[in-house]
Structure formats: structure tokens, C-alpha cells
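The values are calculated or read from the model by the stated rules, or taken from the named source; none is laboratory data. Note that the structure is a prediction, hence the values are computed from the model and not measured. Note that each Cβ is placed from the backbone with ideal geometry, even for glycine, and that neighbours are counted across all protein chains shown. SASA here: full protein model, heavy atoms, side chains in, ligands and nucleic acids out. Shrake-Rupley method; radii C 1.70, N 1.55, O 1.52, S 1.80 Å.
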Amino acid sequence: MTLIVVVHYNQKNVTVETILEINNLSKNYAALKAVDNVSFKINKGHVYGILGPNGSGKSTTLGMVLNVVNPTSGSYSWFEGTTSNHEALKRIGAIIERPNFYPSMSAVQNLELVCKIKEIPTDKIQEKLELVDLIERQHSPFKNYSLGMKQRLAIASALLNDPEILILDEPTNGLDPQGIRKIRDIIQQIALSGTTILLASHLLDEVEKVCSHVVVLRRGKMLYSGPVDEMNSNHGIIHCDANDRTGLLEFLKTQPYVVSIKEEVEGIKVKLSQPVETSLVNATAYKAGITLSFLMHKKQSLEDQFIELTSKN
Amino acid sequence: MRRLLDIEFHKFRHSKSSKVLTIIYLVIVVLLMLAGLIRININNFSGGLSDLGIFNFPIVWHISTYFTSYLKIFIAIVIVSLTASEYSNRTLKQNLIDGLSKKELILSKVYLSGLLALAVTIIVFIAALILGIIYSDYNEIQIIFSELYFFPVFFLSHFVLFCFCLFAGILVKRSAFALGFLGVWWIVEGILNLIARWFDWKYDLNSLEWFSHILPFNAISNLIKNPAGRIDIIESTVNQVDDNLLDLSYNVDWQDVVSVSIWCFLFIYWSYAILKRRDL
């Protein structure tokens, strides 16, 4: 299991700039409710994940805010409604499902076109191609690229305008492990630079690695929206072990922070009801005459939280 | 407008089909210019095509615009394939995401159609001018610059066809099917014409003429009428057979101009309406 790294940016700013606000957005395809009454807000500086199994409405939601799918009802506004939708789109960077470019144009020609559409100068093309490691192939036609290269070109294209928000829809879909690693490294690099990111994915570990906030969708309905670590009210798990396992079990049963105890081959897993310092656990256990051979506090993995949440509703 | 043209021309310039077909178009125009050298032999007449008087001003304006009109099919194919491939490559979706509005997207394609129609008109004008200067028996400025109205009409007939292609590409989404759609439409017009002809014959109506102004392909092809009646040698040949066989009217009908202008507007508007309603 992996340790969740939650990146928190400065939340002390009183006036948080809202980048995107979605209000009761719905999309019906005939009888199918692809997106059902979804509302959430995206604030500047955070990394958001949209989670949901395939067909849960992630791409449709993004399609609506990106002006390519017409909403059945509800509304959304970019940058607090200060600009028209297509003007707002010039300030964002988005890649959706799979990279879409003109096959007979080279990387540079394709990016030049994007610059013309976004009304920005073309002088960032080289810099962005360098970032995604495509400099050597910049003049070969797009149709000769591998999927990984296409996806990296899409990222370069989305970054051309130094966007205020980067929207990524399944950016690692269909890539080989090296390709996935490369894309992930790039995303993490961008996240660290403070760019707001909205990442839609069904790959939980992908979201887990970079996101501070999540929106969980299932069958078009929103199940949760908020910080990752508040998705389920729990305080994680303590893994511990001692040579004297029965003694340790007896000791744990008397502790106030314990919800449940599970004995496994590699140790004992204790679910917590309140936050507790591992050093305190160690000290009290030692006082009770038990020497711990192993002690670790672990947050619940996103996968566990996600399964718990989606099965609850 | 300049930005939209710039965007669309960038796509046009870097597309393979556009390069190939532009070259074909230019080659054919040049070949047609060389037509003056062709020797023919009809009805006891023998000599070069130029000796027929077809390159005389102002008839050369009519002849050149009429015959090069058929070449617009090449450019029409480019427009259909450029438009429909925006769907199959999903670049249409990407353009919208990058910040082009749906209205701008249609407008950029309309502008490009206009620009291409204009470019073709200028090329044909220059070609005809050169032919005329070389072969024409009359070289008075007044005569040279008479009947120039064929060129605005020539431009219009191209522009409306390109808009039709744009509409077909947007509606059908696949270039092969979009071309098929245009072909089917053309056949449908042909069948309607036949039916109209039959009705006219049976009930002594005038529906064929009506159809010839109303239907888009009919109106486009009627804009510039067959100039055969103006060529002396053909005229005299035909008149030997039957005085009334050849319809000698070759003026541009205002009904056709109005009709294609309306079609033009409708095609642009419908393209926009379809794109606006559609989820991509």
C-alpha cells in the first residue's frame, strides 16, 4: 500500500478566487441521465480530481464546461462570470480523452494553430515542446507519432498559454508504463508550480498522488465533493506488531482510540476513532510492558475510501 | 476576420489534399489557356480554336468563366474533405476547447470559401485577359471591359457551391459520405427536372423553369449559361438544321442570382444551427 501524500496549498487567503463554478448541471441522452444535478466549485491553487468508474459522467461534465456538449439544464461560469465562455477557454488548457490534432501537420504547425486560436504569441512553443520532451520530433507529422508522444503534445498544447487551470481527462489512458510514468511526472511538475489542475480519472492511485480535493461521481450523480482526507470521517489505521502478540492485542483492546482490531500475518491493523500520535501509542505500550517491533500510522488509501463511499450510497 | 482567415488558411495550407487539388486546378487552367493552339475541323471550317472568335473580347469573358466553372468541383472536394475531416480527426472539438466559438468556427470556414472563390475568380480573370490580349480581334479598352459582370456571377457560383459543401461536411461528418450526399442531391435535382419536364408536357405547365431557378444546383449551373449560341461557327451550323433549336439567351437571370444568394445564406445558417445543437 502506498502512503497518501496530500498536497495542501495556502488556504489562509480570505478571498479565494473561484475559477469554475458548476450549478446543478445535468445532461440527458434520451432516457439516460449521464450527468445528474452536479454542483461544485474550483478554487485557484488546488489540485482537483474527478473520480468515478467508466461511464459515470466525468467526460460529459468536462465536455459541458468546455463548450462542446450542450447541458440539458443547470449552469456553469468561468472566472466568476467575468468573460464569455469561449473567451474563458482561451485562458485554460484542456486535453480530453485522446489527443486531437491535424494529422498532416507537424507538432510545431499544430501548436502554431493553437496559438492563433488562443490569440497568444508563438514564442512559447519551443519551451513547451522541451518540457514534454518532443524537441527532436517537432517537425515530423503528427500522424507518425506514438500514442505517448501524441499525449505529450496534447499537454504541451494545453500549456501553451500558461493556463490558469489545466483540465486533464484520463491523461494516461492507453499508454504503456513508461508513457504513464512520463505523463505523471509532468503532471506532478505542473502541480508543484502552483497551477490549478482538474484531473478526471478512474485510476485512483493517479488521483491520489496529486489531488488535494476530489469530486466523486457515480452514474452521473455526485457522491462527494471536498478535500481528499475528509471523504470519509476516519483517522486512518495504525499498523503495529510485537513479539508478544497476545499481550499487544490485550493492550490495544483497552485503548480509547481503537475502533476495531484486525490481526493479519504481517501484523495488527487498528482502525482509529480519533487522531492519535504514534509516539503516545509507543509510550503507553512500553509502560504496559509491551515492546513494539513495528509501528506505523497510515491514512486510508483513496481506493479504500472510494470503495467505501461508493458502496455506502 | 483576419484572425479567423489566418486560422483557416493555416489549416488549408498544411493539408495535403488542398495542395494536390490546387495544383491540379492551376494545371488545368493553364492547359485551357493553351487551347488556342488546338486545330479543329468542323463543317468546312478548319483552323485553330482562336480563329473561331471565341477569344474575342467580350465573348472570352463568357467562354472562360463558363468552361472553368466546371473546375470548381475540385475545390469543392477540398472544402468537403477539410470540413468533414475536422470531425473525423476531432479537431473541431479541440478548436472549440481551445477557445474558438461555434460561430467563429463556421465564419472562418465561410471566409476561407469566400477567399478561395475570390482567388479562383482572379486567376480566371487573368487567364482570360491574357488569352484575349493574345487572340482577340478587338482591342479597344471599352470592348475589353464590357460584360465584366460574368466575374461577380462566377464568384457567386463558386461561393454558393463552397457553402453547400461546408453544409454537407458539417451535416454528414464523413468526407466520402458528404460527397455522396452532394452527388445524391444532384441526382435528385435531375429527377425533379425530369418529372417537371413530364408535367410540363402533360399539363402544359411551366414548372421546369421554376425548378431551374429554385433548386441550388440548377440555379448555380444556370448562372452562367452555355455560350455556344455566341460562337459564330456553331450558331451557323445549328441554324442550318433548325432555327429554333438553340436558345440564344445567355444573359444572367436575376432570379438565379437571388436564388443562389438565398441558398448561400441558408447553407451558412444551417451549418451554424447544426453545429450549435450538436454535442461533439
- In region A:30-39, is there at least one residue being within 14 Å of chain B (Cβ to nearest Cβ), exposed (fewer than 15 other Cβ atoms within 10 Å of the Cβ), modelled with pLDDT under 90 and not in a loop (DSSP other than H, G, I, E, B)? yes
- Task: State all residues of region B:189-218 that are assigned to a loop (DSSP other than H, G, I, E, B) and exposed (fewer than 15 other Cβ atoms within 10 Å of the Cβ); if no residue qualifies, say none.
- Result: B:ASP204, B:LEU205, B:ASN206
- Note on the structure: All conditions in (1) within 14 Å of chain B (Cβ to nearest Cβ); (2) closer than 30 Å to A:ALA31 by Cα; (3) touching a Gly at 6+ places or on another chain (Cβ under 8 Å) are true of A:ASN161 except (2)
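Just to be sure before I move on: is B:LEU100 in a helix (DSSP H, G or I), modelled with pLDDT of 85 or more and of a type outside the set (Phe, Trp, Tyr) in the structure I sent?
Spelling it out, it is not the case that B:LEU100 is in a helix (DSSP H, G or I), modelled with pLDDT of 85 or more and of a type outside the set (Phe, Trp, Tyr).
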- Given (1) part of a loop (DSSP other than H, G, I, E, B); (2) within 12 Å of chain B (Cβ to nearest Cβ); (3) buried (at least 16 other Cβ atoms within 10 Å of the Cβ), where does A:THR172 come up short, assuming only one miss? (2)
- Query: For B:LEU161, all conditions in the list (1) among the hydrophobic types (A, V, I, L, M, F, W, C); (2) in contact with a Lys or Arg (Cβ under 9 Å, 6 or more places away or on another chain); (3) over 25 Å from B:TRP254 (Cβ atoms) hold save one; what is the number of the exception?
  - Reply: (3)
- Hey, among the residues in region A:101-121 that are of a type outside the set (Val, Ile, Thr), in contact (Cβ under 8 Å) with a residue 40 or more places away in the chain and facing another protein chain (nearest Cβ under 7 Å), which one's surrounded by the fewest Cβ atoms within 10 Å (Cβ to Cβ)? A:PRO103
- Item | Selected residue (only one of A:LYS124, A:LYS143, A:LYS128 is charged (D, E, K, R) and either open to solvent by less than 30 Å² (accessible area, probe 1.4 Å) or in a strand (DSSP E or B) (or both)) | A:LYS128
- Only one residue in A:LYS124, A:LYS90, A:LYS58 is facing chain B (nearest Cβ under 8 Å) and basic (Lys, Arg). Which one? A:LYS90
- Message: Being touching a Lys or Arg at 6+ places or on another chain (Cβ under 6 Å) and more than 14 Å from every other protein chain (Cβ to nearest Cβ): is that true of A:GLY148 here?
- Response: no
- Message: Going residue by residue through region B:86-94, is there one that turns out to be more than 14 Å from chain A (Cβ to nearest Cβ), part of a helix (DSSP H, G or I) and in contact with a helix residue (DSSP H, G or I) (Cβ under 8 Å, 6 or more places away or on another chain)?
- Response: no
- Note on the structure: Filtering region A:68-86 down to residues that are open to solvent by 30 Å² or more (accessible area, probe 1.4 Å), at the interface with chain B (Cβ under 8 Å from one of its Cβ atoms) and either at pLDDT 90 or above or within 17 Å of A:PHE40 (Cα to Cα) (or both) yields A:ASN70
- Pairs with Cβ under 7 Å, 6+ apart, first in region B:2-27 and over 15 Å from B:LEU112 (Cβ atoms), second not acidic (Asp, Glu): B:LYS16/A:SER104; B:ILE24/B:PHE74; B:TYR25/B:LEU71; B:TYR25/B:PHE74; B:TYR25/B:ILE75
- Query: In this structure, does B:LEU34 turn out to be more than 14 Å from chain A (Cβ to nearest Cβ) and modelled with pLDDT under 85?
  - Reply: yes
- Restricting the search to region B:114-153, which residues are open to solvent by less than 60 Å² (accessible area, probe 1.4 Å), touching a helix residue (DSSP H, G or I) at 6+ places or on another chain (Cβ under 8 Å), in a helix (DSSP H, G or I) and under 25 Å from B:SER259 (Cβ atoms)? B:GLY114, B:LEU116, B:ALA117, B:VAL120, B:THR121, B:VAL124, B:PHE125, B:PHE150, B:PHE151, B:VAL153
- Task: Check B:LEU5, B:LEU26 and return the single one that is surrounded by fewer than 22 Cβ atoms within 10 Å (Cβ to Cβ), closer than 27 Å to A:ILE120 by Cα and at pLDDT 85 or above.
- Result: B:LEU5
